[in-house]
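What follows draws every value from the coordinates through simple rules; no lab data is involved. Remember, predicted model here, so these are calculated numbers, not experimental data. Glycine also receives a Cβ, built like all others from the backbone with ideal geometry; neighbour counts cover every protein chain displayed.
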Amino acid sequence: MKITTDFLVIGTGIAGLTYALKVADQGTVSLVTKRDIDISATQLAQGGIATVFSAEDSFAEHAEDTMVAGAFLPNREIVDLVVESGPQAVRDLIDWGVAFSRKKDEDQYDLTREGGHSHRRILHAKDATGREIERALVEEALKHPNITLYQHHIAVDLITEAKVRQQPMTPNRCLGAYILDKKNNEVLAFGAKFTVLATGGAGKVYLYTCNPDIATGDGVAIGWRAGADVANMEFMQFHPTTLYHPHAKSFLISEAVRGEGAILKRADGYAFMADYHPLKDLAPRDIVARAIDSEMKKSGDDSVFLDITHKGADFIKDHFPMIYETCLGFGIDMTREPIPVVPATHYLCGGLKADRDGETNIQNLFAIGEVACTGLHGANRLASNSLLEGVVFAKRAAELSLSRLNKDLPPNPPIKPWDCGNATDSDEEVIVAHNWDEIRRCMWNYVGIVRSDKRLQRAMNRIEMIQKEIDEYYWDFLLTSDLIELRNITTVARLIVESALSRHESRGLHYTIDYPNTDDENFLHDTIIPGAPFQAS
Ligand code: SIN
């Protein structure tokens, strides 16, 4: 079946929803998501959205904090653009009905703090900011008559002009995407004037992650396969503090807990962060995660501990009601005892290379939110800059799309329906499950917080073998969501390892024992992997 739309938006987190809402008055929007509309990384975001919202703060300081956290790799022009667009982006969210927490008895927003920030500048909705943002945006999107929602639909591949004409093209142009309707097992061809990848991150490439299950790097993988360049894939951020509990599935303990005074301690009670950084518990995230990793390796303990008991039960329950309740559900009362925590993957700082309007090197293909590498985060994202980036680039991408929509666009060539060839139902689902597990373990063990050339090479060898297996059976079997995701996490794993192997220095989130120093002379630049070369089918 073929569906024609003006705007095809894949992903329903803050970036996808913002884009959809910004363009919907001017054309038809197909909004596609793998599961239910509100299953996204945005929904799980706890901390908040960073912006300059107080008289004591300044754009220059927010920009400087972003540069320092990013180990001076962020693109300063992009940093300034995002920081200066911040207050208006937040006001847009407020206009759509997002209720950020206010100070008690005051007509002012409560600003909290997280690691790497020199000021209180994080707007939040208690400790469930993402849930509140998602609620408000979903409500708006569902009301809009021009937005058609496709839940339980997963993108398979992009449709480009080169593919349709069966010849390489520069620039190439995106014409839509093939999308699997998971319930009806049918691949639909969506033809679109503008295609937007807002598919989020790739935490599921690793064994332990606080990301939702949907974070399988789909946008990066399908964009790269279609020829879009990727950048900085070696910079996978590990959140320092996720709950250590066998049943907690790496539940995040927000950095705002440290922002409000929590202290990291070893099992013997020693507060170790002063040994690693002058900002102690509020050092940038890469430094805190490495410090925890090092303390756990030295002591052989399974976790470290986050202690906020000194703030008192009323304060804790008022500021962190969701974290308090969740920990209590696992038998941990954070008002009386420290929380056992470990690092887990949290945020992909690299992604599809996108320009200042969120467009990739494929015309009319936009990448916004975590799937993109815009130049804002550099080698390590400053806490709470990601929701901000999502809104700012969604708005810019929407503005550029609308300006083109109203001009004469060259007509799209006709696109073909999906051809499944001789594919049959697979009776080997176990291979998919096994390969999933193998990739994720391999990435966790060999491409983690501390790396070496030997470990990275070992990971590359394993991934190449799995990739070969997948390539062999991918076209033999009818597509399932698991198979599509497996192909994507394998592609993304490979891009991460390839990028890591090429950076012969340590910077931000990429730390390798073979090159422990930062080398500005040779490596103060992005790591670019060009999109996959065109292949005739
Ligand atoms: C957190 O609440 O610690 C996460 C905030 C972020 O990653 O930006």
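How far is it, in nm, from the label point at TYR270 to the one at GLN88 when both lie 7 Å from their Cα along the line to the Cβ?
Going from the TYR270 label point to the GLN88 one covers 5.2 nm.
How about segment 160-248: which trypsin sites (Lys or Arg not before Pro) there are in a DSSP loop, with at most 14 other Cβ atoms within 10 Å of their Cβ?
Passing sites in segment 160-248 are LYS183.
Out of all DSSP beta bridges in the chain, what portion is antiparallel? Express it as a percent rounded to 5. It would help to have the intermediate numbers written out before the result.
Values: 37 of 62 bridges.
If we restrict to bridges inside the chain, about 60 percent are antiparallel.
Measuring from a point 7 Å past the Cα of ALA55 along Cα-to-C-beta, which residues in segment 79-110 have an amide N at less than 16 Å?
Within reach of a label on ALA55, which here means backbone N under 16 Å from a point 7 Å along Cα→Cβ, segment 79-110 contributes 107-109.
For segment 164-290, take the convex hull of the Cα atoms, compute a quarter of its surface area, and give me that in nm², please.
12.4
How big is the Kirkwood radius of segment 1-68, worked out from every pair of different alpha carbons and given in Å to one decimal?
14.9
What is the local net charge at VAL391, summed over the other residues whose Cβ is closer than 11 Å to its Cβ (Lys, Arg +1; Asp, Glu -1)?
Details: positive: LYS22, ARG91, LYS395, ARG396; negative: ASP92, GLU389.
Net charge in that neighbourhood comes out at +2.
Within 10 Å, at most 15 other Cβ atoms, and a DSSP state outside H, G, I, E, B define an exposed site. Report the longest part of the chain free of exposed GluC sites (Glu not before Pro). Please report the intermediate quantities before stating the final value.
Details: sites that count: GLU56, GLU106, GLU428.
Result for the longest clean stretch: 107-427.
Do any trypsin sites (Lys or Arg not before Pro) in segment 309-347 lie in a DSSP loop with no more than 12 other beta carbon atoms within 10 Å, and if so, which? Mind dumping the intermediate values first?
Numbers: sites: LYS311, LYS317, ARG336; in loops: ARG336.
Those that pass, being in a loop and sparsely packed, are ARG336.
What FRET efficiency would be calculated for the residue pair GLN26, LYS2, taking the C-beta separation as r and a Förster radius of 35 Å, to the nearest 0.05?
On the way: r = 22 Å, r/R0 = 0.64.
According to the calculation, E is roughly 0.95.
Report Rg (one decimal) and Dmax (nearest whole number) for segment 83-149, counting Cα atoms only, units Å.
13.9, 43
Beyond 24 Å between alpha-carbons counts as too far, so tell me which of LYS163/LYS204; LYS22/LYS163; LYS22/LYS143; LYS22/LYS353; LYS2/LYS182 fall in that bin. Before the final figure, lay out the partial values.
Working: LYS163/LYS204 29 Å; LYS22/LYS163 30 Å; LYS22/LYS143 14 Å; LYS22/LYS353 22 Å; LYS2/LYS182 16 Å.
Pairs exceeding the cut-off: LYS163/LYS204; LYS22/LYS163.
Bins of 10 Å, beginning at zero and ending with the bin holding the largest distance: percent of Cα pairs per bin for the chain, please.
With 10 Å bins starting at 0, P(r) equals 4, 19, 31, 27, 15, 4, 0.
Once you wrap a convex hull around the alpha carbon atoms of segment 430-514, what is its projected area averaged over all directions, in nm²?
5.4
If the chain between VAL450 and GLU77 were fully stretched, how many nm would it gain, using 0.36 nm times the residue separation less the Cα-Cα distance?
131.2 nm
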